[in-house]
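Please read the structure below before turning to the comments.
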Amino acid sequence: MRISVAIDGPAGAGKSTIAKLVGNEFNLMYINTGAMYRAVALKANEKGLVPSDVNKICDLISTMEMHFENDDLILNGENIQDKITLPEISNIVSSYASISEVRVKLVKLQRDMSNKFDVIMDGRDIGTVVLKNSNFKFFLTATAEERANRRYKELQLRNIECSYDDILKDIIDRDYKDTHREVDPLKKADDAIEVDTTGLNISEVTEKINSYIRQKIKA
Ligand code: DC
């Protein structure tokens, strides 16, 4: 039987860092579903498509072959990981991610991946929609201030100019949009284990999740 692990939570809760480490521990393919929504926003924006151009965006998605190599998103043969993590894309992605037709298409691609491989997926609707039947579901949280601080440091390390206040505002704004949108809003699945990462370091959070998974596998 395939193993699939779902990690959900708000922006900047550390989902991708933790998912990569847990994935390495249990030999799971890491699928960053936020990267897939970002890829749609990047390409739609490059083609001048606004979120109301739903049919054109769906046609565009049909031409997008996406897979992951070493945790980076490869789109039609091009590694677009650096482009999709720029603040310009962070600022526009929620409007594309809230289109239900876009979600249907990406959820299908994500489920296809989980049928082919043992996966660990992070996102907003993994435990509630994409991997609804998974036995391993986690919901990571942290205060908005701590999450903004983590993003700020990450962008500074990459020499990308940014202000802490703008990042905090973006995080609060995205939290609101992610939790209030009509389709598949960010929500903890009833059977997910909540892990508050505020004040915890990466290895403390990883070990917590690894030990839950080990316990469940044993049981
Ligand atoms: O995790 P992230 O910041 O890279 O996500 C980018 C955007 O995509 C964010 O606005 C939330 C949205 N998203 C989503 O709606 N569903 C997912 N499964 C993953 C991300």
Of (1) more than 16 Å from the ligand (Cβ to nearest atom); (2) more than 25 Å from Thr85 (Cα to Cα); (3) surrounded by 14 or more Cβ atoms within 10 Å (Cβ to Cβ), Ala189 fails just (1)
All conditions in (1) touching a strand residue (DSSP E or B) at 6+ places or on another chain (Cβ under 8 Å); (2) under 30 Å from Lys105 (Cα atoms); (3) among the basic types (Lys, Arg) are true of Lys208 except (2)
Pairs returned, first residue in the range 88-105 that is under 15 Å from Arg181 (Cβ atoms), second residue that is at pLDDT below 90 and assigned to a helix (DSSP H, G or I), beta-carbon separation under 6 angstrom, 6 or more apart or interchain, are Ser94/Arg174; Ser94/Lys177
Where in the range 80-137 are the helices (runs of 4 or more DSSP H), entirely inside, with at least 2 residues that are within 10 Å of the ligand (Cβ to nearest atom)? 87-97, 100-116
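The values are calculated or read from the model by the stated rules, or taken from the named source; none is laboratory data. On a predicted model such as this, the values are computed, not experimentally measured, just so you know. In this analysis, Cβ positions are derived from the backbone assuming ideal geometry, glycine residues included, and neighbour counts consider all displayed protein chains.
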